[in-house]
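Below is one structure, written out as structure tokens, with a few remarks after it.
The values are calculated or read from the model by the stated rules, or taken from the named source; none is laboratory data. This one's a predicted model, so the numbers in the text were calculated from it and none came from an experiment. Cβ sites come from the backbone with ideal geometry, for glycine too, and all protein chains shown count toward neighbours. To get the accessible areas, we keep the full protein, side chains included, count just its heavy atoms, and leave off ligands, DNA and RNA. Shrake-Rupley method; radii C 1.70, N 1.55, O 1.52, S 1.80 Å.
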Amino acid sequence: MTFQSQTYAPQHEPRDTSSTPTSIKTCVAVTICLSLLFIALPALDRTVTGLFYVPGIGFPARGVHALQQLRAIGQYVPMAFAMAMILAVILKIAYPSRPILFPPRFTVFFASLYLIGPGLIINCILKPFWDRPRPVDTINFGGRFNFVDAWSMGETFFSNRSFASGEAAAIVCLIPLAFFVHPAWRRSVSTLLIAFAVAICANRVAFGAHFLSDVLIASALMATLTAILWQALFGRNAPSDEDVDQALSTVGYRMRASVKAVGEAAWQLTWAIWRMAANKRELR
């Protein structure tokens, strides 16, 4: 099956990709160091959370309207962006002869980042199986569960879900957007995105919804995943936009052919069953 691939205009290279393998090692090292820090000093989590807790009242930040609005922005902005990227990939596969809505590598990069990061690693693996009680649910801060260290298993499964922070992971996944703007704007945009991410992460700690380790380790994990995906899609031997576009179209055509084959088989089976039933009625 052949098709006409879209021609993509030259874009600004997001950044020099020659140091990407080093970036992966650095992110892995930071993740390990953060993990060891909070495992060795579990009191650090309790101390930081205690700064936002008032005995007999709880976490006053929860009642501040501006902070509630900030939390909503931190939820819905990454969600809307992720859905746009994933929808673009789905539409390209569903309509393989049409051009993708956004540049192919850009789209696949962010769709993969959100699906693998906040989607799989955080919400499907770490949260349900590690099941760390949230600060507000622990005995230390007015709850009924014992405090659980970072990377330690909770007492139950699929319950409290504090480790790691899904909202922190989702907001951190927006930071690579700075790599795709004009170089003259890159530093300013990255500063704004990092400040936004820090504000959202701090807000979650202030609400008693996550410990400091939850947001920092989630951020480090997403940074590691970002470096890996960057190497795969923008490294020295990475595919071009045209290659990615063609690969998505190929997947779309193959899926269309498979669906057609399954549909034809189902129709033939239905027809055969109907004929058998009709023959039995004629014999009676």
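Can you tell me which residue among Val262, Val215 is without any contact (Cβ under 8 Å) to a residue 24 or more places away in the chain and β-branched (Val, Ile, Thr)?
None of the other options fit; the residue is Val262.
Restricting attention to the stretch 136-164, and to residues there that are assigned to a loop (DSSP other than H, G, I, E, B) and polar (S, T, N, Q), which single residue is most open to solvent (accessible area, probe 1.4 Å)?
Across the stretch 136-164, the extreme among qualifying residues is Asn146.
Consider Ser258 carefully, then state whether it is polar (S, T, N, Q) and open to solvent by less than 10 Å² (accessible area, probe 1.4 Å).
In short, no.
Counting just the residues of the stretch 49-75 that are open to solvent by less than 70 Å² (accessible area, probe 1.4 Å), assigned to a loop (DSSP other than H, G, I, E, B) and in contact (Cβ under 8 Å) with a residue 40 or more places away in the chain, which one comes out farthest from Ala170 (Cα to Cα)?
Tyr53
Residues in the stretch 218-231: is at least one open to solvent by 20 Å² or more (accessible area, probe 1.4 Å) and free of Cβ contacts under 8 Å to residues at least 60 places away in the same chain?
Among the residues of the stretch 218-231, at least one is open to solvent by 20 Å² or more (accessible area, probe 1.4 Å) and free of Cβ contacts under 8 Å to residues at least 60 places away in the same chain, which makes the answer yes.
State yes or no: is Ser190 surrounded by fewer than 20 Cβ atoms within 10 Å (Cβ to Cβ), at pLDDT 95 or above and among the hydroxyl-bearing types (Ser, Thr, Tyr)?
Working: surrounded by fewer than 20 Cβ atoms within 10 Å (Cβ to Cβ): yes; at pLDDT 95 or above: yes; among the hydroxyl-bearing types (Ser, Thr, Tyr): yes.
In short, yes.
Only one residue in Pro176, Pro133 is in a helix (DSSP H, G or I) and buried (at least 22 other Cβ atoms within 10 Å of the Cβ). Which one?
Pro176
Within the set of pairs 6+ apart or on separate chains, which have a first residue in the stretch 82-106 that is farther than 22 Å from Ala178 by Cα, a second that is basic (Lys, Arg) and in a loop (DSSP other than H, G, I, E, B), and C-beta atoms under 8 Å apart?
As it stands, the answer is Leu91/Arg98; Lys92/Arg98, since those pairs meet every condition given.
So Ser23 fits all but one of (1) open to solvent by less than 50 Å² (accessible area, probe 1.4 Å); (2) at pLDDT below 95; (3) farther than 30 Å from Asp245 by Cβ; what number is the exception?
The failed condition is (3).
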